[in-house]
Amino acid sequence: MEFSNSKLLYCHMNTIVCKIFILLLSIFLLRTLFLSPLPGFHWFQHKRVYWIPDYSSSVLQHEIRRDKFLEVPQIIWGLNNQKISFARACLTARLLNRTLLMPSLSASLIYKEIDLLNPISFDKVFNFERFNSLCNGFVRLGRYSDLHNETKPFELQKGSGRKWTKERDLNQLYQCKEGAIDKFEVIKVDGKHPFLWHDHWPITNYARIFECLTLVDEIEADVSTVIARIKAVGAEGRSKGSDFGKNPILPFSSQNYVTYMAIHMRIEKDWMLHCKNLERRSNIHQICSSKEEIMERVANITSQTFPIVVYLAVADSLLEDNSILSGWREGLLPFEKKRLGVWNIYSKHPYLVQSAIDYEVCLRSEVFVGNSFSTFSSLIVLHRTQILLKMGVRSICGDSNFSSYAYNILGDFGAPKKWMTDMSASSLQTISYGTNNVSCHV
């Protein structure tokens, strides 16, 4: 009787141990499946730090077909709207596993009279071969000479209006991956241009493409000349002190290491009308900034060594307005294209290239100050955020040698608010509304 009870107790204990073992094994498997980062998962949060994926890893690489193409309408509007449009076209081609036929950009800036837009080939502004090299395995550009013209293009009509939802748009794209449509050598998109297409991609995908956009050698040389001039002027400013502002035309000097600040000043009349209307519609009162407000807030940035050259990236309509150069605090040495003596470099190019030069000059500055509701400023800060992340900088708190600020938002001690793009955003759309930024909480 005692032996039987012992045997039953032994069996019961074994059953409990087995159940515990199975339970622990199940927990381990579930944890592995649901908590481990999965291929294609674009970001994860770890100790309040966002990890940006390495796009060169084999997980995110795939061979883009070179015998199937996507053709899109001419890309229009301002430089950065065109960059967004181009990236959206690239990502659409990627979804369809097709090569994007090199699109035409717009050299001029005409919003209402589309017929007057002056087309310019992509490879007249950006380096075609380098783009394909840097974005290899992610997206690919092709030339029209690559076509075999074995079939007529399939014409894809993009929907419009409120009924054309984001879901319907994505379903249309997936239908194009099916055999009946996918057999066509070229899918040609008709209708509205890419900037007005629905956005289906996270901000990291756009950033990946923007990093592949490098200027052709001729324009890059002009960028280097402008920056060299700024630094030469800065070196003169440091040697002459505060009296430097009285001498607007200075010779090139030896290139000592000097820093400069770039400010994207949106104070022209058409912008002020636009932003006032935007403030009224959105009930947000931190969009417009006057020249005086910008100067006052910039003067309160205390992390820089003075004197420092301030490059003012302004619209051509303001180049004759000498008042934008007066009223700055002592130690801030303001210059725009004409006073800097580089207008001849800009004036030989169309509007698009002039903007591209200004973009790079602002991007490479040690301190950048812009408007968080401007697409131009926002894409510069997005690019600068990528650079900081690669340098291992994950926070905008504290001083940095590569800082960005939004002058339309008041920060600490009367200075503009520090600005860094939130790379966890699921869409680039937030950039258009000035909401995509990371706050600094100490």
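Is it the case that the stretch 386-402 has a residue that's in contact (Cβ under 8 Å) with a residue 24 or more places away in the chain and under 17 Å from Met265 (Cα atoms)?
There is no residue in the stretch 386-402 that is in contact (Cβ under 8 Å) with a residue 24 or more places away in the chain and under 17 Å from Met265 (Cα atoms).
Mind listing just one residue for me: the one in the stretch 346-405 that is in a loop (DSSP other than H, G, I, E, B) and basic (Lys, Arg) and, of those, nearest to the chain's Cα centre (by Cα)? Outline the logic, then answer.
First pass over the stretch 346-405, keeping only residues in a loop (DSSP other than H, G, I, E, B): 348-350, 364-366, 371-374, 391-402.
Cutting the leftovers down to basic (Lys, Arg) gives us 348, 364, 394.
Numbers: Lys348: 27, Arg364: 14, Arg394: 17 Å.
Filtering first and then ranking leaves Arg364.
Yes/no per residue for (1) open to solvent by less than 10 Å² (accessible area, probe 1.4 Å); (2) of a type in the set (A, V, I, L, M, F, W, C):
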site	(1), (2)
Ser374	yes, no
Ile380	yes, yes
Arg384	yes, no
Ile387	no, yes
Met391	no, yes
Ile396	no, yes
Leu410	no, yes
Gly414	no, no
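Counting only residues that are modelled with pLDDT of 85 or more and either touching a Ser or Thr at 6+ places or on another chain (Cβ under 6 Å) or under 23 Å from Tyr359 (Cα atoms) (or both), how many does the stretch 392-414 have? Give the steps one after another, and end with the answer.
Our first condition is that a residue be modelled with pLDDT of 85 or more; within the stretch 392-414, this holds for 392-393, 402-414.
In the following step, the residues that additionally are either touching a Ser or Thr at 6+ places or on another chain (Cβ under 6 Å) or under 23 Å from Tyr359 (Cα atoms) (or both) were identified as 393, 402-409.
Looking only at that region, the number is 9.
How many residues are outside any helix (DSSP H, G or I), under 19 Å from Tyr405 (Cα atoms) and not aliphatic (A, V, I, L, M) if we restrict to the stretch 273-306?
Start the filter on the stretch 273-306 by keeping residues that are outside any helix (DSSP H, G or I), which leaves 283-290, 300-306.
Of the ones still in play, those that are also under 19 Å from Tyr405 (Cα atoms) are 284-290, 300-306.
Right, trim to not aliphatic (A, V, I, L, M) and you get 285-286, 288-290, 300, 302-306.
So the count comes out to 11.
Take the stretch 205-228 and flag every residue that is open to solvent by less than 20 Å² (accessible area, probe 1.4 Å) and either at pLDDT below 95 or more than 21 Å from the chain's Cα centre (by Cα) (or both).
Asp222, Val226
The conditions are (1) open to solvent by 40 Å² or more (accessible area, probe 1.4 Å); (2) modelled with pLDDT of 95 or more, and Lys112 fails exactly one of them. Which is it?
It is condition (2) that Lys112 fails.
Do we have Gly142 as touching a residue at least 12 places away in the same chain (Cβ under 8 Å), in contact with an Asp or Glu (Cβ under 8 Å, 6 or more places away or on another chain) and under 20 Å from Ile209 (Cα atoms) here? Outline the logic, then answer.
Details: touching a residue at least 12 places away in the same chain (Cβ under 8 Å): yes; in contact with an Asp or Glu (Cβ under 8 Å, 6 or more places away or on another chain): no; under 20 Å from Ile209 (Cα atoms): yes.
For Gly142, the condition - touching a residue at least 12 places away in the same chain (Cβ under 8 Å), in contact with an Asp or Glu (Cβ under 8 Å, 6 or more places away or on another chain) and under 20 Å from Ile209 (Cα atoms) - is not met.
Would you confirm whether or not the stretch 204-215 contains a residue that is in a loop (DSSP other than H, G, I, E, B) and farther than 18 Å from Val72 by Cβ?
Looking only at the stretch 204-215, we keep the residues that are in a loop (DSSP other than H, G, I, E, B), and these are 211-214.
Narrowing further to those that are farther than 18 Å from Val72 by Cβ: 211, 214.
Yes: the stretch 204-215 contains one or more residues that are in a loop (DSSP other than H, G, I, E, B) and farther than 18 Å from Val72 by Cβ.
Out of Ser323, Ser303, Ser254, I need the residue that is within 21 Å of Lys418 (Cβ to Cβ), surrounded by fewer than 19 Cβ atoms within 10 Å (Cβ to Cβ) and modelled with pLDDT under 90. Which one? Spell out how you get there, then give the answer.
Details: Ser323 fails: within 21 Å of Lys418 (Cβ to Cβ); Ser254 fails: within 21 Å of Lys418 (Cβ to Cβ).
Answer to the selection: Ser303.
When you look at Asn127, is it of a type in the set (S, T, N, Q) and within 19 Å of Leu96 (Cα to Cα), yes or no?
Working: of a type in the set (S, T, N, Q): yes; within 19 Å of Leu96 (Cα to Cα): no.
In short, no.
Within the stretch 140-192, how many residues are part of a loop (DSSP other than H, G, I, E, B), under 16 Å from Arg88 (Cα atoms) and open to solvent by 30 Å² or more (accessible area, probe 1.4 Å)?
3
The values are calculated or read from the model by the stated rules, or taken from the named source; none is laboratory data. Owing to the predicted nature of the structure, the values given are computational and were not obtained by experimental measurement. With ideal geometry, Cβ positions are generated from the backbone for all residues, glycine too; neighbour counts draw on all protein chains shown. Only protein heavy atoms, including side chains, enter the accessible area calculation; ligands, DNA and RNA are left aside. Shrake-Rupley method; radii C 1.70, N 1.55, O 1.52, S 1.80 Å.
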